[in-house]
Each structure stands twice: as structure tokens, then as C-alpha cells.
Amino acid sequence: MNYRIVLTLLVFLLLSACGPIIGQMMKASEGISQFEVTSGSLTSLRPEGSLLVYGPFAKTSKAFYISRGEDAANFAAELQEQGVIQTRLFIERDFDRLEETAKGLRDQSPEQIKSDLALERRPDILLFGTILHRKTIIAPARGVIMDVGYRLEFYDLGTRESTIIEVSIKDLAENCIPRIVEEIVRQRP
């Protein structure tokens, strides 16, 4: 009888240790797998500049929203927090007008945008984003691992030119955007 209890306990302990082991093994495949500036240069992102982040980001059929506007809000907060550039966030509430509003912002002057959106400061750059793909995986004893890709377009209102970054990352969900912004800082000249 005692052997059965001991054997049952050993099997239970062995099985309960598998989750954390698997969770730790998943770390090997985490990190930024792609970071490519496909157009333009990151030199326009200066700490004294002003960036208006437009949300919610667009998405492809391989992506989904956690919450509409969350990606844009998180990028705005993280770019500001890491000292990349001063940011403001604008979320379009009429989701049927996303493309129309984005086009309108591109066509306006910085002063018009400042006035129309009641901003304290005129924006130098607009950030438009697209979520290219997103998958989530539960990592035992660690949390939610997110595999996500973004196309980030930094549209300079002065030159009317875009800097486009395509980036893919697999990491704990709460670390994805901070790590992407760290990489922007690292690659900025």
C-alpha cells in the first residue's frame, strides 16, 4: 500500500515538472526574428521631435486584435518611455473610416492636424501600423508567448516620405513591443 502512494507521488511530481521544463525550453526560440528597414531611414526619429500614433492599426487576415487600438497605444507609450520621440495617440472611433481618416491625416499640414485634433504640439511624424500576423501560445509556468509581426510606417509630414520597418518577434506578450522599440533605438543612427 505504501509503495502505491510513493509511486503515485513520484509520477505526479514528474508530470508536474514537465510544464516548467517545457516553458523554459520555449525560451530558445524567442526574440526578434526579423527587423528590416524596407524604406527610408530611422534618423527622422529624434527625441525632440513629435510623433502622432494613429490607431487602431490595420491587420491582415493572419492577425487579430487583442483589443482595438491596444497595439497603437502600447507603441505610443513605449516610444515615449524609451526616449525615442515625444508621442501622442489618436484612435479613430469610427472603424469604418480608418482608411479615410488615415489618408486625410497624410494630406494635412502639421498645423491642421494640431488644430483638428486639439494637440498641444504639432506632429512632425505620423505612425501607421499593420499587424501582419499574430499567434499566441501558453508557456507553462511562464505566461502567454506571442508570435507577432508588424509593418510600421513613420510618415514624415515635412518631407512627405516614409520610413517603413517590418519586424517579427516571438516573446512573452508583455515584452514584444518594448523589445521592438529597444531594437529601433539600437539601430537608429
Out of 78, 183, 174, 153, I need the residue that is in a helix (DSSP H, G or I), of a type in the set (Asp, Glu) and either free of Cβ contacts under 8 Å to residues at least 60 places away in the same chain or open to solvent by 60 Å² or more (accessible area, probe 1.4 Å) (or both). Which one? 174
If you go through region 133-144 one residue at a time, do you hit one that is closer than 28 Å to residue 43 by Cα and at pLDDT 95 or above? yes
Checking residue 84 against (1) buried (at least 18 other Cβ atoms within 10 Å of the Cβ); (2) more than 22 Å from residue 166 (Cβ to Cβ); (3) not hydroxyl-bearing (Ser, Thr, Tyr): exactly one of these is not met. Which one? (2)
Residue satisfying all of: in region 52-75; part of a loop (DSSP other than H, G, I, E, B) and small (Gly, Ala, Ser); most open to solvent (accessible area, probe 1.4 Å) among these: 61
Take region 21-44 and flag every residue that is surrounded by 13 or more Cβ atoms within 10 Å (Cβ to Cβ), touching a strand residue (DSSP E or B) at 6+ places or on another chain (Cβ under 7 Å) and modelled with pLDDT under 90. 23, 26, 30, 44
If residue 144 passes every condition in (1) surrounded by fewer than 18 Cβ atoms within 10 Å (Cβ to Cβ); (2) aliphatic (A, V, I, L, M); (3) outside any strand (DSSP E or B) but one, which one does it miss? (3)
Among the residues of region 57-69, how many are free of Cβ contacts under 8 Å to residues at least 24 places away in the same chain and either closer than 18 Å to residue 154 by Cα or among the basic types (Lys, Arg) (or both)? 1
Looking at residue 135, is it free of Cβ contacts under 8 Å to residues at least 24 places away in the same chain, crowded, with 18+ Cβ neighbours inside 10 Å and in contact with a Lys or Arg (Cβ under 9 Å, 6 or more places away or on another chain)? no
Within region 34-84, considering residues that are more than 16 Å from the chain's Cα centre (by Cα) and among the hydrophobic types (A, V, I, L, M, F, W, C), the one nearest to residue 123 (Cα to Cα): 45
Kindly establish whether residue 125 is aliphatic (A, V, I, L, M) and within 26 Å of residue 173 (Cβ to Cβ). no
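The values are calculated or read from the model by the stated rules, or taken from the named source; none is laboratory data. Please read these numbers as outputs of a predicted model, since none were measured by experiment. So basically every Cβ, Gly included, is an ideal-geometry build from the backbone, and we count neighbours across all protein chains shown. Calculation scope for accessible area: heavy atoms of the full protein, side chains included, ligands and nucleic acids excluded. Shrake-Rupley method; radii C 1.70, N 1.55, O 1.52, S 1.80 Å.
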